[in-house]
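Read-outs throughout are calculated quantities, based only on the coordinates presented, and are distinct from any laboratory measurement. Values in this document were obtained by computation on a predicted structure and should not be read as measured data. FYI the Cβ positions are ideal-geometry reconstructions off the backbone, even for glycines, and counts take in every protein chain you see.
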Amino acid sequence: MPIKENLQVVISHVEDAHECLSSKLRKIDPLYLVIGAIGSTVVFIKLRKIYKRSEEPILKRLAGFAFHHIRKLPFVKAKIDKELQGARKDILHSIHKDDVDRAFISEIPEAGLSDQAVIEIADRYDSYGKFDVDHGRVSGAVYTDRGEKHVELLTKIYEKYAFSNPLHPDVFPGARKMEAEVIRMVLNLYNAPEDSSGSLTTGGTESIIMACFAYRNQAQARGIENPVILCSKTAHAAFDKGAHLCGMKVRHVETDRNNRVDLRKLEKSIDGDVCVIVGSAPNYPSGSVDPILEISKLGQRYGIPVHVDACLGGFLIPFMEQAGFAIEQFDFRNPGVTSISCDTHKYGCTPKGSSIVMYRTKELHHFQYFSVPNWTGGIYATPTICGSRAGANSAVAWATLLSFGRQEYVDRCRKIVSTARKIADGIQKIDGIKLHGSPDVSVVAFTSDDFNIYAASDLLHKRGWNLNTLQNPNAIHICVTYNSANDQVVEKFLADVKEVVNEVAALPDKGNKSGTAALYGMAAQIPDKSLIDEMVYQYLDACYAKPPPKEASDN
Ligand SMILES: Cc1ncc(COP(=O)(O)O)c(C=O)c1O
């Protein structure tokens, strides 16, 4: 049939349907029709709002919603409360297990203690920690060897700058200059252009939150009502926190077999709400570096900014090439990359409390600034979350960068990355476990198809190794630091892994009943994540609590 006749058939069907519907509607009171139309519009808007509130699949949300209400039924609530009560006690005892004193200072002493007395208490508290950080038994956490000369220098610098505050650049011009110099040194490390700019923050999370805030504000200026952060499911939880604080949403994308973001899925997830695409270099869980070059191209193609989270590897990746390791271009040389977060307080080896968030342009950085021009306390403006800032953080970061110099960072990078590669090679040779993701920089993650890997982690913990637990999928990782970057640690670690793997593989339950396995197993089965929230809040509460009296089970 020719197109014209086809069209006429369609039109006549539409006319019939229209006539049929109209005749039916004519029988209804117009007032009801108006009320129905308004009512259904309101319901539609409400449902759309609920749907848009989260990026989680609808079935998962429905299950969570149902469980949330079932939980309120009296008999279910009583059972859950009883379980939580038990968990609360276990958590409290586990947090305080190393506190041998069990005394707790909760009042400011009427008369001040002597310096000697204060130092004695501080020394006692310092002795509570049982993990051998200096001999590389801890994954991440402390990235440097805290060498005597370095600590001596930092102590002298701290003495001078402890009370400085870059919020008052007129009072502390030196602290201001140090902060500006640290930021510029790191911008140059990342090949930032002339117009680039950045801020020193208190750590990776604050740097990421500031970037989220900047992109939220830019999105609003561009007329995006519901801004979305698009990233891999491996992107650091700080993006979820940033999104939560800034009223944004995070759209997580699956990874490929190397645990890098799946580029095809990333592109398919782009829509008009996406205000920034995130790539990690490397990601926290498996240490895989996302394909920054390709993400940068995607950003350019769709006109969407790209943030590179180099918080973890920030002071390794810029030195990898010089240290003899290949790495794809990850910095501002990629024209699509608009911002980068990089932690000085990790592999930059500065004391805790500093990170840099960098922007390609000052214009973009301005979206991060905040000002209250008409405040009764005077015109107020701050670049980051804090008002007053610890000038000492900038000062010790500044001193570390100057005293280390590029060559020290290159040497450390060589040791750390080659150690990670040795560990990865060794893991691949152990039966029953396999690598998870790609150990591109300093993190080596592994898992097992044969048994519960968390049980191996628990046994390694008993042997003095403090590793990190991952989920979705179950895995564990070691993040190599300068303290673990030597052959003795590699040999001991691989030998211990091999032994615990054999031990768990021989268990009839394949390790499913181990403490961590049971905890994660239970968490995975609970659809209402607010119950997990309650448990982790108990953990946080326990960190602030007075120590409970010692019990026999604490030993
Ligand atoms: C990739 C990545 N981004 C961000 C962060 C957050 O850094 P911070 O703990 O300093 O807030 C981390 C911490 O490990 C990280 O690994």
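Look at the range 419-466 and say how many of its residues are over 25 Å from the mean Cα position of the chain (by Cα), touching a residue at least 60 places away in the same chain (Cβ under 8 Å) and either over 30 Å from Leu189 (Cα atoms) or surrounded by fewer than 16 Cβ atoms within 10 Å (Cβ to Cβ) (or both).
The number of residues fulfilling the criteria is 9.
List the helices (runs of 4 or more DSSP H) inside the range 1-119, counting only whole elements, that have at least 3 residues being over 36 Å from the mean Cα position of the chain (by Cα).
Working: elements: 3-26, 30-52, 58-70, 74-95.
Ranges flagged: 3-26, 30-52.
Among the residues of the range 338-365, what is the count of those that are more than 17 Å from Tyr482 (Cβ to Cβ) and within 16 Å of the ligand (Cβ to nearest atom)?
Going residue by residue through the range 338-365, those that are more than 17 Å from Tyr482 (Cβ to Cβ) are 338-342, 353-365.
From the residues that got through so far, the ones that are within 16 Å of the ligand (Cβ to nearest atom) too are 339-342, 353-358.
Counting residues in the range 338-365 that are more than 17 Å from Tyr482 (Cβ to Cβ) and within 16 Å of the ligand (Cβ to nearest atom) gives 10.
What number of residues within the range 181-205 satisfy the criterion of being among the β-branched types (Val, Ile, Thr), within 15 Å of the ligand (Cβ to nearest atom) and within 19 Å of Phe330 (Cα to Cα)? Before the answer, list the steps.
Residues of the range 181-205 among the β-branched types (Val, Ile, Thr): 182-183, 186, 201-202, 205.
If we keep only those that are within 15 Å of the ligand (Cβ to nearest atom) as well, we get 186, 201-202, 205.
With the extra rule that they be within 19 Å of Phe330 (Cα to Cα), the set shrinks to 186.
Of the residues in that region, 1 qualify.
Is one or more of the residues making up the range 134-145 assigned to a helix (DSSP H, G or I) and under 30 Å from Gly242 (Cα atoms)? Before you say what the answer is, go through the steps one by one.
Keep residues of the range 134-145 that are assigned to a helix (DSSP H, G or I), which gives none.
Checked against the condition, which is being assigned to a helix (DSSP H, G or I) and under 30 Å from Gly242 (Cα atoms), the range 134-145 yields no hits at all.
Consider Glu328 against the criteria (1) more than 11 Å from the ligand (Cβ to nearest atom); (2) out of contact with any helix residue (DSSP H, G or I) (no Cβ under 6 Å at 6 or more places or on another chain): it satisfies all of them except one. Which criterion is unmet?
Unmet for Glu328, out of (1) more than 11 Å from the ligand (Cβ to nearest atom); (2) out of contact with any helix residue (DSSP H, G or I) (no Cβ under 6 Å at 6 or more places or on another chain): (2).
Suppose we filter the range 342-397 for residues that are closer than 19 Å to Phe319 by Cβ and not small (Gly, Ala, Ser); how many remain?
Taking the range 342-397 and keeping what is closer than 19 Å to Phe319 by Cβ, we get 342-350, 354-356, 358, 397.
Restricting the remaining residues to those that are not small (Gly, Ala, Ser) gives 342-347, 349-350, 356, 358.
So the count comes out to 10.
Go through the range 134-150 and report how many residues are away from the ligand (no atom under 16 Å from the Cβ) and within 29 Å of the chain's Cα centre (by Cα). Steps first, answer last, please.
Filtering the range 134-150 for residues away from the ligand (no atom under 16 Å from the Cβ) gives 134-137, 145-150.
Next, only the ones that are within 29 Å of the chain's Cα centre (by Cα) stay: 134-137, 145-147, 150.
So the count comes out to 8.
From the list Phe325, Phe370, Phe319, Phe315, which residue is surrounded by fewer than 15 Cβ atoms within 10 Å (Cβ to Cβ) and of a type in the set (A, V, I, L, M, F, W, C)?
Of Phe325, Phe370, Phe319, Phe315, the one residue that is surrounded by fewer than 15 Cβ atoms within 10 Å (Cβ to Cβ) and of a type in the set (A, V, I, L, M, F, W, C) is Phe370.
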